[in-house]
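See below for the structure under consideration.
The values are calculated or read from the model by the stated rules, or taken from the named source; none is laboratory data. What you see is a predicted model; the values in this text were computed from it and never measured. All Cβ positions, even for glycine, are placed from backbone atoms using ideal geometry, and neighbour counts span all protein chains on display. The accessibility values were calculated without ligands, DNA or RNA, using every heavy atom of the protein model including side chains. Shrake-Rupley method; radii C 1.70, N 1.55, O 1.52, S 1.80 Å.
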Amino acid sequence: MVLNYIWVAFFLIAFIIALYKLIFEGDIEIFDRLIKSTFDQSSLAFELALHLTGAMAMWLGIMKIGEKAGIVKMLTFVFGPFFRRLFPEIPTNHPAITPIFMKLSANLLGLDNAGTPLGIKAMQEMQKLNPKKEEASNAQIMFAVLNTTGLTFIPLTVMIYRARLQAANPSDIFIPILISAAVTGIAGMILVALYQRINLFDPVLLGYLAVILGSLGIAIYYLSGLPKEKISDISKVVSNLILFSIIVFFILLALYRRVNIYESFIEGAKEGFDVAIKIIPYLVGIMIAIGVFKESGALEIITSTLKKIVIYFGVNPDFIPAMPTAFMKPLSGSGATGMMLETMNHYGVDSFQGRLVSIFQGTTDTTLYILAIYFGAVNIKKTRYAATCGLLADLIGVITAIYVTYIFYH
């Protein structure tokens with residue numbers, strides 16, 4: 001429901017601003033630009049779905065191999081108690097467990113593109129358990145929101161952009177991003193748990209979270225002691241080594257279980273094309289709404305208004321120039337990247353603003369885009385409180401990122 005209101009609001013706000021510019025500023029090209037943006041964004045949405053098709057076919061094929069080899073039982077044994085508390089609707093040994101685990105692991109490794117097909121596969125498996133096919137289940141909402149928080153252990157893309165712009169230490173935003181992203185992820189989980197009345201003080205749940213956060217802390221401590229220039233290389237090697245090792249493990253396990261590996265892969269890959277077709281209308285819908293909202297100048301108005309409010313209350317406004325990246329990130333990954341690069345070029349990659357946009361980029365994810373793809377893939381129209389929790393977690397992440405950046409760099 002919230003996603004519906006947001007979608008409508010984007011068009012109405014864009015129309016009002018464009019009408020003002022036409023009447024009072026004499027901008028006779030404004031509506032031409034808005035209409036052009038709808039065509040551009042709809043074409044971009046189709047291209048994104050088309051490009052995603054190959055990756056989905058490949059990963060759904062790999063998932064089918066693992067599923068037939070019995071990987072679900074192994075993951076259930078290790079993570080079953082944790083998943084049963086976060087996803088009480090999912091039965092033990094259900095096929096949804098494997099893609100959920102692999103997708104969340106891919107997020108931590110910064111492998112978002114590879115993980116998208118896994119996330120869609122997880123939604124499909126959970127949809128089989130969903131009694132109301134057009135309404136998101138609790139398990140689907142928990143999974144979707146955990147993905148919208150964008151918890152990434154290795155913010156490789158951000159470090160690459162910083163390196164290209166000749167930052168003195170491209171990876172010096174590594175620890176601030178981890179802190180902010182961890183807060184965002186935990187906030188998202190807690191918000192959904194409160195809606196679903198999940199017992200967050202359950203000893204088993206607390207135990208797993210302690211191990212996860214402890215492992216993350218050890219890794220941060222280890223990496224923070226390495227030369228900064230080596231962190232990016234280590235991240236690349238570790239991320240892709242783990243991912244390819246998973247593929248090989250699935251194949252070896254299938255060999256041991258005497259599974260017809262190639263036929264299993266083809267069976268899973270065929271599903272990728274069907275999913276890509278289902279995604280297109282949902283993706284077009286959210287992309288054109290984002291396009292007209294941005295083209296109308298709404299972001300610029302929000303930023304300038306926020307600056308006046310901050311100055312009025314005597315708060316340091318140095319973070320304001322970085323806010324367009326934070327506003328755009330829940331809407332569009334490419335749009336947020338463009339905002340980030342523009343800020344870095346204007347203020348300097350190693351400036352306070354340049355570092356803050358880097359941390360924004362690594363702290364949250366494209367919430368509305370993810371919700372559109374995941375729920376669209378299983379034809380869910382009523383997302384309930386998914387958008388509310390995802391956007392609130394994003395807000396908490398943005399506030400944390402600003403606070404952390406002031407501590408580290410101001």
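The table below lists the values:
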| quantity | calculated |
| --- | --- |
| Leading residue by the ranking (nearest to residue 96 (Cα to Cα)) among those in the stretch 144-198 that are open to solvent by less than 20 Å² (accessible area, probe 1.4 Å), assigned to a helix (DSSP H, G or I) and in contact with a Pro (Cβ under 9 Å, 6 or more places away or on another chain) | 148 |
| Test set (1) over 20 Å from residue 258 (Cα atoms); (2) open to solvent by 20 Å² or more (accessible area, probe 1.4 Å); (3) at pLDDT below 85 - residue 74 fails condition number | (1) |
| Subset of the stretch 254-280 [surrounded by fewer than 16 Cβ atoms within 10 Å (Cβ to Cβ) and under 25 Å from the mean Cα position of the chain (by Cα)] | 273, 274, 277 |
| Any chance residue 95 is outside any helix (DSSP H, G or I) and surrounded by fewer than 19 Cβ atoms within 10 Å (Cβ to Cβ) | no |
| Residue among 218, 246 that alone is open to solvent by 70 Å² or more (accessible area, probe 1.4 Å), modelled with pLDDT of 75 or more and over 30 Å from residue 385 (Cα atoms) | 218 |
| Lone unmet requirement of (1) open to solvent by 10 Å² or more (accessible area, probe 1.4 Å); (2) modelled with pLDDT of 80 or more; (3) of a type outside the set (Ser, Thr, Tyr); (4) more than 26 Å from residue 201 (Cβ to Cβ) for residue 89 | (4) |
